[in-house]
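The structure appears right after this line, and notes come after that.
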Amino acid sequence: MSDALQRLSGGENCVLGMVTGVMSKACNYPFLVWKNTQQQGLKLSTTWTTPQGTVNPLRVYRGLPMACMNLGGTNAVQFGSTGFFQKALAGSGASRDGVLVGGAFLGGLASGVPCSVWELCMIQQQRFGGSTLGTPARVVSEFGFAALGRGASMTMGREAMFTMSMLGITPLIQQKLIDSSGWDRNTALAAGSLNGALLAGVITHPMDTIKSCMQGDMAREKYHGVVQTGQNIAAEYGVAQGLFKGLVFRVALISTTFFLVNAFKERTVPLLFPHAVRDKRAAASGGR
């Protein structure tokens with residue numbers, strides 16, 4: 001169902017994105033916490049132990065409501081805008097592959113704006129605690145309203161490549177494997193997810209690292225702008241060890257997210273929007 005987003009309305013795509021985003025994030029949230037922790041140069045043990053040294057595994061789920069709001073909301077924007085751009089590209093006569101990949105890239109770029117704000121609040125919660133509503137209020141109180149846009153350019157670039165891989169390349173590889181090699185849908189989806197995750201993860205990881213460091217240091221004690229942050233990280237840790245910190249956790253996060261989101265999408269579309277399945281069957285049979 002690689003063309004599912006083109007058969008749904010904008011509102012339906014937003015609902016589908018929100019549902020699949022929340023469901024997938026509830027499954028793989030620890031990978032995100034460990035990735036952010038490692039990128040900021042903090043000990044992984046801080047995610048499951050208190051400052052007094054007491055083990056508390058639930059600490060790894062701090063910020064989960066904001067993370068679900070983030071991925072659910074971001075997916076809603078990504079699915080809605082990707083569906084919009086795919087329809088526009090299809091109407092312009094672009095190839096099927098171009099529609100799938102190009103629409104996903106543009107949809108991801110648009111989603112980077114709200115995603116950046118949500119991730120900033122999530123990272124602040126992961127580091128300092130606080131409530132879902134209290135954290136953004138504290139950030140605005142201490143650093144001004146413009147501080148909510150910190151790291152937005154890196155988020156937009158990352159989300160463009162991320163969404164292109166998740167909603168474009170992953171289902172494209174899946175369908176190619178099914179058509180040419182006869183793979184079953186789940187095996188083909190797993191292969192597509194892993195390939196898409198490696199592409200998106202490696203290419204965008206420096207942007208993600210710079211963004212995470214900037215959003216974790218709102219006081220600018222160590223990290224200032226995009227260029228200075230990248231230079232600082234590279235000088236302190238080296239290019240590979242610095243800008244690619246947390247890559248293993250991020251590839252694990254992305255690959256499971258790609259698999260879960262596309263798997264949930266395939267299963268929830270018939271349940272939530274059965275008319276889309278009927279329309280596809282009717283089109284395949286020539287309307288009979």
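Here are the numbers for the structure shown:
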read-out: Subset of region 216-268 (residues that are in a helix (DSSP H, G or I) and acidic (Asp, Glu)); value: Glu236, Glu266
read-out: Top-ranked residue of region 1-59 - restricted to ones that are in a loop (DSSP other than H, G, I, E, B) and among the small types (Gly, Ala, Ser), ranked as modelled with the highest pLDDT; value: Ser9
read-out: Qualifying residue in region 164-175 (condition: open to solvent by 40 Å² or more (accessible area, probe 1.4 Å), under 29 Å from Arg59 (Cα atoms), under 22 Å from the mean Cα position of the chain (by Cα) and not acidic (Asp, Glu)); value: no
read-out: Residue within region 21-33 that is over 27 Å from Glu266 (Cα atoms) and touching a residue at least 60 places away in the same chain (Cβ under 8 Å) present; value: yes
read-out: Qualifying residue in region 141-153 (condition: over 14 Å from the mean Cα position of the chain (by Cα) and at pLDDT below 90); value: no
read-out: Counted residues, region 30-59 - those being β-branched (Val, Ile, Thr) and more than 28 Å from Ala234 (Cα to Cα); value: 4
read-out: Given (1) open to solvent by 10 Å² or more (accessible area, probe 1.4 Å); (2) closer than 27 Å to Ala147 by Cβ; (3) acidic (Asp, Glu), number of the condition Asp184 does not satisfy; value: (2)
read-out: Residue list for region 109-138, restricted to those being within 23 Å of Gly230 (Cα to Cα) and among the β-branched types (Val, Ile, Thr); value: Val113, Val117, Ile123
read-out: Qualifying residue in region 232-244 (condition: more than 15 Å from Gln39 (Cβ to Cβ), of a type outside the set (Gly, Ala, Ser) and in contact with a Ser or Thr (Cβ under 7 Å, 6 or more places away or on another chain)); value: no
read-out: Candidate set from region 85-131 (those that are out of contact with any Ser or Thr (no Cβ under 7 Å at 6 or more places or on another chain) and closer than 21 Å to Thr46 by Cβ); member that is modelled with the highest pLDDT; value: Leu120
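Matching residues to (1) among the polar types (S, T, N, Q); (2) open to solvent by 10 Å² or more (accessible area, probe 1.4 Å); (3) under 30 Å from Arg138 (Cβ atoms):
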residue: Ala188; (1), (2), (3): no, no, no
residue: Asn195; (1), (2), (3): yes, yes, no
residue: Arg220; (1), (2), (3): no, yes, yes
residue: Gly238; (1), (2), (3): no, yes, no
residue: Leu243; (1), (2), (3): no, yes, yes
residue: Val248; (1), (2), (3): no, yes, no
residue: Leu253; (1), (2), (3): no, yes, yes
residue: Thr256; (1), (2), (3): yes, yes, no
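The values are calculated or read from the model by the stated rules, or taken from the named source; none is laboratory data. Please read all numbers here as calculations on a predicted model, not as lab measurements. When we count neighbours, we look across all protein chains shown, and the Cβ atoms used for this are built from the backbone with ideal geometry, even at glycine. Note: areas computed on protein heavy atoms with side chains; ligands, DNA, RNA excluded. Shrake-Rupley method; radii C 1.70, N 1.55, O 1.52, S 1.80 Å.
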